[in-house]
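Comments concern the structure below.
The values are calculated or read from the model by the stated rules, or taken from the named source; none is laboratory data. Predicted model only: the values in this text are computed from it and were never measured. Neighbour counts run over all protein chains shown; Cβ positions are idealised from the backbone, glycine included. Heavy atoms of the whole protein, side chains included, go into the accessibility calculation; ligands, DNA and RNA do not. Shrake-Rupley method; radii C 1.70, N 1.55, O 1.52, S 1.80 Å.
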Amino acid sequence: MTQSTVLIVDDEPSNLALISEILKSDYSVRVANSGRRGLMLAQTEPVPDLILLDVMMPDLSGHDVLQTLKSEPSTQNIPVIFITAMDSQEDQVNGFQLGAVDYITKPIMPAVVLARVQTHIELKSAHDRLIDQNAWLESEVQKRMFENDLIQQVSIRALAHLAETRDPETGNHILRTQHYVRELAIQLKQDPRFNAILDDHYIELLTRSAPLHDIGKVAIPDQILLKPGPLSDNEWIIMKTHAERGAAAIELAEQDVSIKVDFLMLAKEIAHWHHERWDGKGYPDGLSGDAIPLSARIMAVADVFDALTTKRVYKPPMPFGEARDLIVAGRGSQFDPDMIDAFQHCYTTFKQIAKRFDDDTAASLSAISAT
């Protein structure tokens, strides 16, 4: 077992010799005959477990040395016992206020030195074990949080891909819309109307929730979901139920947990209301204006841009410029005006995202594994 290290700092050679002799059989002992030398040895590996420090020294007093030790991160936790002939109550109080853990008064008594040193070495050892244990626990907590976070993200992606497998031509739709949502939210964060809501945490949850916006499509029959032409009135009624069905599925998931999960709340909002319109002519509930949750208003722009600019079973992709103009034309009718103002700021980034996750590029496949 490695011996604990004790540093003795005293300008009197006789005191150094005496205390060294008392401690050398039980501890690894270092000696310094001045305050400056003591500060240097205190920062030399292995860092001392305890310092016995003379108060009265010519270059730097013990008080000066202790103040310096406490100011340095590498030495501030080393316990210091003052060695002094000054045993007044005022002197001791002053030393304790500076950070000393104990006093040994002169003349030196071997039994007292051994007892004090042993006590504070044991306390230091216990303190170090506690720090190590806390560091390990913190590391384990961080590891578990990371694992839980990863599991959550993978589960969300798996559910989203489950819906996507029903409609394979949408390809990387969930990845593109997830990135559009994030960029739009970051841009909107600069607007005083939204910056109280759109903090970093909200944007992270929103981005994480976005892939679940079309989870309700799992419940739509293939002959409707994959129909290559326009839907009939009755088919359209069934198609529109995917919003409520998706929200209902997420709500069932919420009921299975005993605590509120914020990202599920946002996912439910997005799934339920991302087809609502600013003018109240959307579905499923005909909400209008600010009655539509902010998350769903952001998702609406991202979803429509992607629907317009990508190939679907019922249409070819629309050029980016035409899609932008069509979305901007919906300002104040289909979309929240502020969403469209932010969209125009983000338009170039939207195009870059669309190209990065283009269904027809091999780069898109590698991006999926890296996201």
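Structure notes:
- Meets criteria (at pLDDT below 95 and touching a Leu at 6+ places or on another chain (Cβ under 9 Å)) for ILE298: no
- Taking each residue of region 94-120 that is more than 15 Å from LEU50 (Cβ to Cβ) and looking for partners that are modelled with pLDDT of 90 or more and not in a helix (DSSP H, G or I) with beta-carbon atoms closer than 6 Å, six or more apart or interchain, yields GLY95/PHE82.
- Counted residues, region 178-211 - those being more than 21 Å from the chain's Cα centre (by Cα), in contact (Cβ under 8 Å) with a residue 24 or more places away in the chain and more than 15 Å from THR348 (Cα to Cα): 4
- Some residue of region 182-189 being at pLDDT 90 or above and part of a loop (DSSP other than H, G, I, E, B): yes
- Whichever residue in region 190-209 is at pLDDT below 90 and under 15 Å from ALA296 (Cα atoms) and, among such residues, is surrounded by the most Cβ atoms within 10 Å (Cβ to Cβ): SER209
- Region 96-125, subset under 17 Å from SER20 (Cβ atoms) and open to solvent by 80 Å² or more (accessible area, probe 1.4 Å), residue modelled with the lowest pLDDT: PRO107
- Contact annotation: residue pairs with Cβ atoms under 7 Å, 6 or more positions apart or on different chains, pairing a residue in region 1-30 that is within 17 Å of PHE82 (Cβ to Cβ) with a partner that is assigned to a helix (DSSP H, G or I) and open to solvent by 40 Å² or more (accessible area, probe 1.4 Å), are ILE22/PRO110; ILE22/LEU114.
- Residue count, region 283-300 (criterion: open to solvent by less than 20 Å² (accessible area, probe 1.4 Å) and more than 35 Å from the chain's Cα centre (by Cα)): 0
- Complete set of residues in region 224-276 that are part of a loop (DSSP other than H, G, I, E, B), exposed (fewer than 15 other Cβ atoms within 10 Å of the Cβ) and acidic (Asp, Glu): ASP256
- Residue count for region 78-126, restricted to those that are within 48 Å of the chain's Cα centre (by Cα) and of a type in the set (Lys, Arg): 2
- Flag for ASP149 being surrounded by 10 or more Cβ atoms within 10 Å (Cβ to Cβ), modelled with pLDDT of 80 or more and charged (D, E, K, R): no
- Pairs where the first residue, in region 57-82, is open to solvent by 70 Å² or more (accessible area, probe 1.4 Å) and the second is of a type outside the set (Gly, Ala, Ser) and in a helix (DSSP H, G or I), C-beta under 6 Å, 6+ apart: GLN76/LYS70
- Enumeration of residues in region 38-53 that are of a type in the set (D, E, K, R) and touching a strand residue (DSSP E or B) at 6+ places or on another chain (Cβ under 6 Å): ASP49
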